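Just so it is clear, none of the values below were taken in a lab; they were calculated from the coordinates. Keep in mind that what you see is a predicted model, and the values were worked out from it rather than measured. Every residue, glycine as well, gets a Cβ built from its backbone with ideal geometry; the counts of neighbours run over all protein chains shown.
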Amino acid sequence: MAKKGPRGLIAFVCTICKSQNYINQKNKTNVPDKLALMKYCRHCRKHTPHKESTKLK
Ligand SMILES: [Zn+2]
């Protein structure tokens, strides 16, 4: 069993093409809000808004 802790794995999903481009970790205790960042999407081939998703593919 994996160690349980406040740090959860999250994915960043492109809001344009819905592809999961980045995987990150965050402390859900300190950062309860959903993150949204501008990141490069290689499918769109430009910077697009990426939304946090807890579903990892
Ligand atoms: Zn995209």
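Across the chain, the volume of the C-alpha convex hull divided among the residues equals 74 Å³ per residue.
Given +1 at the Cβ of Lys and Arg, -1 at the Cβ of Asp and Glu and no other charges, the dipole of the chain around its Cα centre is 160 debye to the nearest 20. Under 15 Å from the Cβ of Pro32, count the other residues' Cβ atoms, weight Lys and Arg +1, Asp and Glu -1, and hand me the total. So the surrounding residues net to +2.
Rounded to the nearest whole Hz, the Karplus-based 3J(HN,Hα) values (6.51 cos²θ - 1.76 cosθ + 1.60, θ = phi - 60°) of segment 19-31 follow the sequence 8, 8, 10, 9, 10, 9, 10, 8, 8, 6, 6, 7, 10, with x at glycine and proline. Within the chain, the cysteines lacking any other cysteine Cβ closer than 4.7 Å to their own Cβ are Cys17.
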